[in-house]
Structure formats: structure tokens, C-alpha cells
Amino acid sequence: MRYKWLETSLAQTMALIWLVILVTAVVGYAVFRWWRKRHPLPVPKPAPSYAQQLQRRLNEHRGAGKPSKRSKPPRKQPRGP
């Protein structure tokens, strides 16, 4: 079987389609880089040290307990005759 060449018009159309896809990808990448440079990602705040984490956890548990008996108001004494 003989190898048949593609028609010239079809080959040019396929080449043009691939060229358009390539140019679109390059332009899209350039636009994305330009936009990202002007809109940087927010910088995450640094993680606290282990001592700070431990102090925060201890403080959370201290305030979560039952209120002390001293914080209740004293009972009123009944009035006698």
C-alpha cells in the first residue's frame, strides 16, 4: 500500500489550529504571571512557638471550669419575729 500525503489545505488548517492553541496557552500563562505578580498570595502568619501554644491551651482550660463558690452572692437571712 502506498503512503498517501495529506492534502495541503487540510495540513495548513491543522497547523493553524495547533498554532492558535499554542499561542493561547502562552498568552494565558503570561497573563496569569502578570496578574499573580500584582496580586500576591497573603502571607500566612508564623506559627506560635510551643511555649505559646501550651500557654494558650492551659489558659483555655482554666477558664472552662465551674465558677467558684466565692463568686455566688450570700444568701439572705430570713427575718425573725
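The values are calculated or read from the model by the stated rules, or taken from the named source; none is laboratory data. These numbers come from a predicted model, not from an experiment. Positions of Cβ are generated from backbone atoms using ideal geometry, with glycine treated the same way; all protein chains shown enter the neighbour counts. Surface accessibility is based on the protein's heavy atoms, side chains included, excluding ligands, DNA and RNA. Shrake-Rupley method; radii C 1.70, N 1.55, O 1.52, S 1.80 Å.
What are the ³J(HN,Hα) couplings of region 8-21, residue after residue, when phi is run through the Karplus curve with 6.51, -1.76, 1.60 and θ = phi - 60°? Round to Hz, x for glycine and proline.
For region 8-21, the Karplus-derived couplings read 4, 5, 5, 5, 5, 5, 5, 5, 5, 4, 5, 5, 5, 4 Hz, x marking Gly and Pro.
7 Å from Cα along Cα→Cβ at both Val20 and Thr8: what's the point-to-point distance in nm?
So the label points at Val20 and Thr8 sit 2.2 nm apart.
Whenever you get a sec, compute what percent of the accessible area on region 1-65 sits on carbon and sulfur atoms (1.4 Å probe).
With neighbouring chains kept in place, the figure for region 1-65 is 68 percent.
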